[in-house]
1. Taking the DSSP beta bridges in the chain as the whole, what percent of them are antiparallel, to the nearest 5?
2. Can you tell me, using C-alpha contacts under 8 Å and at least 6 residues apart, the relative contact order of the range 36-170 as a whole percent?
3. Just to confirm, what accessible area per residue do you get for the chain at 1.4 Å probe, in whole Å²?
4. Run the numbers for K146 and D12: contour at 0.36 nm per residue of separation, minus the present Cα-Cα distance, in nm.
5. Could you point to the residue in P29, Y54, N75 farthest towards the positive end of the range 1-132's charge dipole, with +1 and -1 charges on the Cβ of Lys/Arg and Asp/Glu respectively?
6. Loop-only check: which trypsin sites (Lys or Arg not before Pro) in the range 112-170 are DSSP coil with at most 12 other Cβ within 10 angstrom?
7. Give me the distance in nm between label points sitting 7 Å out from Cα along the Cα-to-Cβ direction at F56 and L127, one decimal.
8. Using only Cα atoms, locate the centre of the range 31-101 and the centre of the range 105-170, then give the distance between them in Å, rounded to an integer.
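The values are calculated or read from the model by the stated rules, or taken from the named source; none is laboratory data. Remember, it's a predicted structure, so these values are computed and weren't measured experimentally. No Cβ is skipped: glycine too gets one built from the backbone with ideal geometry, and neighbour counts run over all protein chains shown. Areas reflect the complete protein model, heavy atoms only, side chains present, ligands, DNA and RNA absent. Shrake-Rupley method; radii C 1.70, N 1.55, O 1.52, S 1.80 Å.
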Amino acid sequence: PLVVYMQKKGEDVFEGNAATKWGHILEDPVRQETEKELGVHIEEVPGMFTSTIYPFLNANLDGLILSETPITIGNDTVDGLGGHEIKTSAKGDGFGVDEVPDSYYCQVQHYMAVTGLPWFILTVFILSSKEGRHYIIKANPDFQEKLINSEREFWENFVLTDTIPAPSGT
């Protein structure tokens, strides 16, 4: 909470590290390979979206996918307009056959709440195995409602009142 508060107040204390640097460098090649593997075009999004309903919510998407034919990954199928999020992982911790780390699930649900998109494809490139994996994540309105309520509470109780949250030790 403290780091998020500082970011919202314009005091971004995280300047990046080797992992974020290489994750950014690898975004374009991962996007290109995803296009080939899924047979779609992914449009890079150069900017920030802000919710028209909840102006304190922002989203920085890695891409938009317009699929005129269904995309099937595992047991899920999507088509039409959706989003794309790219991650890199040293060993793939938390990425199972049909499972992604909770933090990435939350991030993508947040992005769908901001944009109104019905689905995302999350692509992870696992460095140790040089393997790419794709996951379909569909909008979960019940989860998004809980997420938005938590974010609104944080915004109103900390950011708007200039109340610094206690450090969490992480």
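1. Just about 75 percent of them are antiparallel.
2. On the way: 208 pairs, mean separation 27.8, N = 135.
Answer for the range 36-170 is 21 percent.
3. Values: 10260 Å² over 170 residues.
Value for the chain: 60 Å² per residue.
4. Details: separation 134, 0.36 × 134 = 48.24 nm, distance 2.58 nm.
Gain on stretching K146 to D12: 45.7 nm.
5. Y54
6. When the trypsin sites (Lys or Arg not before Pro) of the range 112-170 are filtered for loop state and at most 12 Cβ neighbours within 10 Å, K130 remain.
7. Using points 7 Å along Cα→Cβ, the separation is 3.5 nm.
8. 13 Å
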